[in-house]
Amino acid sequence: MSVEYGTAGLVEIMNMPPLFAWYWQLIVWGMSSWSVCLLAFSGSWMDSLVAFVLGMTAGCLNLIASRLKGFTNLFEVTVSIVSGFFATVFEKWTCFGAVTLSATVVLLPGLLLTTGVIELASRNMHAGTIRAAYALMIAFVIAFGINLGNSIFVEIFSRPDRKPDMNISRNI
């Protein structure tokens, strides 16, 4: 296969419409979060229901990210902030860990980390180190977003008697 033929084939693939309609994509995002919550984290039915809704929310954000190229860089952190926020909202009725991890499980860089470890095992140190470090960086960004979403909810709703500091002279 020549380079020109391969490039033309790649352009054709990139310009093809999606294989599945947008609503099927949302259902699959929700079902994956729902099933992971039940099977991997031993979540209850309420946990899995919240994980399903958060998974569909992640799917909506994925559809938005596919249309807006500038949002692609913020996709993982936005999904993790939203899932951390809403898992904290339902924390009285659900398990925080099961819900947040189930909602963000699709974002985890498992294949990237596995490829990096395989490359390190085959003594390709440069590529393996870069892939493994990038995978860990993505995992840290997801964890940071979950913690940030939790902190935003706690700061907004946990202290109703707290008033903002209006003393401007002290801040100058």
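Any read-out appearing in this document is the output of simple, stated calculations on the displayed coordinates, not a laboratory observation. Since the model is a prediction, treat every value here as computed from it, not as a measurement. Quick reminder, even Gly has a Cβ in these numbers, built from the backbone with ideal geometry, and neighbours come from all protein chains shown.
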- [ ] Answer with yes or no whether Asn124 is surrounded by 12 or more Cβ atoms within 10 Å (Cβ to Cβ), under 26 Å from Thr88 (Cα atoms) and of a type outside the set (Ser, Thr, Tyr).
- [x] no
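Give the residues of the range 8-62 that are among the β-branched types (Val, Ile, Thr) and either in contact with a helix residue (DSSP H, G or I) (Cβ under 7 Å, 6 or more places away or on another chain) or under 17 Å from Leu107 (Cα atoms) (or both), sorted by residue number. Step through it out loud before you land on a result.
Kept after step one, since they are among the β-branched types (Val, Ile, Thr), are these residues of the range 8-62: 11, 13, 27-28, 36, 50, 53, 57.
Passing the criteria: Ile27, Val28, Val36, Val50, Val53, Thr57.
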Task: Every residue from the range 48-68 that is over 14 Å from Val28 (Cβ atoms) and either hydroxyl-bearing (Ser, Thr, Tyr) or without any contact (Cβ under 8 Å) to a residue 12 or more places away in the chain (or both) - done: Ser48, Ile64, Ala65, Ser66, Arg67, Leu68
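Of all residues in the range 23-44, how many are touching a Cys at 6+ places or on another chain (Cβ under 6 Å) and either surrounded by fewer than 19 Cβ atoms within 10 Å (Cβ to Cβ) or closer than 17 Å to Leu61 by Cβ (or both)?
Of the residues in that region, 0 qualify.
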Open item on the list: Please go through the range 1-47 and give me each residue that is β-branched (Val, Ile, Thr) and either part of a loop (DSSP other than H, G, I, E, B) or in contact (Cβ under 8 Å) with a residue 24 or more places away in the chain (or both), ordered by number.
Closed with: Ile27, Val28, Val36
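Could you please let me know if Val105 is under 18 Å from Leu54 (Cα atoms) and in contact (Cβ under 8 Å) with a residue 12 or more places away in the chain?
yes
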